[in-house]
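Taken together, the values in this text are just the output of simple stated rules run on the coordinates, not laboratory data. Quick caveat: nothing in here was measured; it's all calculated off a predicted structure. For neighbour counting, all protein chains shown are included, and Cβ atoms are generated from backbone atoms with ideal geometry for every residue, glycine included.
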């Protein structure tokens, strides 16, 4: 597993061996950041259910100002810390070993805000939906922030979670990426999201 683009393109990351973590495939990670494009530069990035930390580290490599990684697994936290060390991002990162739902509430209570967030919960666990609902309720998000949820392609996700509104969906094999915009001041009117499928 490697960083795909940006300042550390090609740098190898420490990988998870065994069960319990499902890293985002390189192909899907490439598609994610191709979709985000220049929106990554200069943002505060929140990586929930961070696993290996590959998504947040990719964001840093592509110009994110800072990243916060959240995972409740001690093994995952050690792996994230090792990957941060490999890339020299100690001064631009924070790693929280805590339940993602508790982290969302705590970060909001601290007044922390993020312009981009990624939710990579275990498939078909219901945790992605619960995390999105918590983000919509406690809102540790800046106006206009984008939240991306990764789910199994057959899982249902809501069109709205509070002020988070679904804008775009893309399917890559068994993985669905759903892009939500945080728009607290937006009128009640809602435009149906774009749909896309990539079966390759």
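Some notes on this structure:
- Fewest-first ordering of 75, 8 by other beta carbons within 10 Å of each residue's beta carbon gives 75, 8.
- Value of relative contact order over segment 36-198, rounded to a whole percent, pairs C-alpha under 8 Å and six or more apart: 17
- In plain terms, the residue of 39, 24 with the fewest other Cβ atoms within 10 Å comes first and the most crowded comes last, giving 39, 24.
- Taking Cα atoms only, the orientation of helix 127-138 departs from the longest principal axis of the chain by about 70 degrees.
- In this rough spin-label picture, where each label sits 7 Å from Cα along the Cβ direction, the residue 97-residue 183 distance is 4.1 nm.
- Segment 1-158: C-alpha gyration tensor shape, a/c 1.5 cut-off, then a/b vs b/c: rounded
- Using C-alpha pairs below 8 Å separated by at least 6 residues, the relative contact order for segment 1-85 is 32 percent.
- Prolate/oblate/rounded label for segment 140-184 (Cα gyration tensor, a/c 1.5): prolate
- Alpha-carbon centroids, segment 127-187 and segment 29-102: separation in whole Å: 18
- Per-residue [θ]222 nm for the chain (sum of -39500 (n - 2.57) over DSSP H runs n ≥ 4, rounded to 500): -8500 deg cm²/dmol
- Packing order of peptides 171-179, 143-151, 56-64, 102-110, highest average first: 56-64, 143-151, 171-179, 102-110 (average count of other Cβ atoms within 10 Å over each peptide's residues).
- When Rg and Dmax are taken over the Cα atoms of segment 75-182, they come to 14.4, 39 Å.
- Acute angle (nearest 10 degrees) that the helix 26-36 long axis makes with the longest principal axis of the chain, alpha-carbon atoms: 50
- Spin-label pair residue 105/residue 39, simplified geometry with 7 Å Cα→Cβ offset, distance in nm: 2.8
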